[in-house]
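Rule-based calculations on the coordinates, nothing more; no lab input. Just so we're clear, the structure is a prediction, and the values are computed from it rather than from any experiment. So basically every Cβ, Gly included, is an ideal-geometry build from the backbone, and we count neighbours across all protein chains shown.
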Amino acid sequence: MGFPKDFLWGGATSANQIEGAYLEDGKGLTTADMMVLSKHGQKREITKTIQEEKYYPTHEAVDFYHRYEEDIALYAEMGFKVYRMSVAWSRIFPNGDDQEVNQAGLDFYDKVINLCLSYNIEPLVTLQHFDTPMGLQKYGFWENRKVVDFYVRYCTVLLKHFKGRVKYWLTFNEINNMSTMPWNAGGISLDASEEVKMKAAYHQLLASAKVVKLAHQISDENKVGMMYNGHFSYPSSPHPDDILGNEDFQQQMLFYAEVQARGKYPNYKLKDLARNNIVLPIQKGDLEELQEGKVDFISFSYYLTHVCGAKTKGIIKGLNGLETGYKNRFLKQSDWGWSIDPQGLRFALNQLFNRFQLPLMIVENGLGAEDKLVDGKIIDDYRIEYLNNHLVEVKKAIEIDGVPVMGYTAWGPIDLIAASTGEMSKRYGFVYVDLDDNGNGTKQRIRKKSFYWYQKVIETNGENLVEEMQYNG
Ligand code: BG6
């Protein structure tokens, strides 16, 4: 009963949202470095060059690059069993296509990973999380097949270097974001045609399969997962048109997982591509590579659920404000307009497991909220309520539905830069960072109330969770 004994409890971050030091020790510019701060729900401006007068939040971020020892010690204090982190490709190969490895970049991740291991924290490494090197722009980023080889070369370096130290890998963060946030996913412009997006997605799917195969060849201890942006949705009504509209949305998102888990494009996607006159740039041997590079597990992010229906058919807009045309009147929303749906997580776990029959891992979940520092303390009961209620549903999926869940990494265990807006005030952490939206502050770390709560969750393996916790603040 309850969570398995070896359940991997922990937290998740990405390099560009925490590290800062954006040009230090030889690191090159990335797509994330070109994104300017925006406000509540607005799209972020992406500049072609760095402009002095603009504020780019990831350039300094929360300075994990210089403070990783303190931060990892805090993770250890909470009892983390796993830490999901990403490696910045541009620290290893500053331009993405370099011939030589940037040793200083590799040294940094050596220190981070060795420190985790010294605390018995298992590293789970995402190989690309929203930060394609800008040096690949001259090729057209992921639209160009050459980038597949550059990525494989970069991954090979890491797989060999960390052999025996890192066993869990994710190839691309939220690979289905190529449809919704293509700049973040792979340097593809937001207004690119469907054809360009599908070409870039194909290259990433192929690159992922190659890396899965390679990881298995390098060490049979390696387990490689796909990472799905959890766009789970309910039909807006029982009307068959709405059911099919919802199914259409699901297919547009889930086909990425189908390719990574089953090693081939599903029929519905092949038909859809053909209808739109899109020809995938398949070369000899590719289909075999896709087949041989199936993932070992499925990981996903879960923040909210959507409602979709007839009106949604064919519409995929930018994620932030992924306007499906419907609202769920049964659910409350966060301050950033994201629906709060703990039961939806149980539904998501069932949907993914029943479809793919692979072990699952929740690698992102959390509440982005403003915190108030009062008398040196942050009493974030709203966050505790959100996380508690979601974890209760994970427990039910395990206990009642028999879904194999490997672990759970809460998003942003330490406050970090929001990906959608660049804001600092959209905080997810158990640890507060003294930094505001414009980069002012001491960057001092302060444990929030949720820090001690999560510590207890891990210590008791989820026994302290309570059914339908309600915070009345
Ligand atoms: C996921 C990303 O989509 O959502 C993270 O993998 C991101 O990088 C997270 O931070 C939450 O979104 P936001 O915009 O609140 O940071």
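Applying the criterion of being surrounded by fewer than 22 Cβ atoms within 10 Å (Cβ to Cβ) and under 29 Å from Ile446 (Cβ atoms) to the residues of segment 21-32, the residue that is nearest to the ligand (Cβ to nearest atom) is Ala21. Please tell me if Ile218 is β-branched (Val, Ile, Thr) and either buried (at least 23 other Cβ atoms within 10 Å of the Cβ) or touching a Phe, Trp or Tyr at 6+ places or on another chain (Cβ under 7 Å) (or both). No.
Taking the residues in segment 372-406 that are within 16 Å of the ligand (Cβ to nearest atom) and crowded, with 20+ Cβ neighbours inside 10 Å as candidates, determine which candidate is farthest from Gly11 (Cα to Cα). Applying the filter and picking the extreme gives Asp380. Among (1) within 14 Å of the ligand (Cβ to nearest atom); (2) touching a residue at least 60 places away in the same chain (Cβ under 8 Å), where does Leu360 come up short? With (1) within 14 Å of the ligand (Cβ to nearest atom); (2) touching a residue at least 60 places away in the same chain (Cβ under 8 Å) applied to Leu360, the lone miss is (1).
Taking segment 133-178 as the range and being over 16 Å from Ser219 (Cβ atoms), β-branched (Val, Ile, Thr) and away from the ligand (no atom under 16 Å from the Cβ) as the test, the residues that pass are Val147, Val148, Val152. All conditions in (1) over 28 Å from Gln260 (Cβ atoms); (2) more than 14 Å from the ligand (Cβ to nearest atom); (3) crowded, with 20+ Cβ neighbours inside 10 Å hold for Met424, with the sole exception of (2). Comparison of Leu465, Leu387, Leu416 shows that the only residue that is within 21 Å of the chain's Cα centre (by Cα), in contact (Cβ under 8 Å) with a residue 40 or more places away in the chain and part of a loop (DSSP other than H, G, I, E, B) is Leu416.
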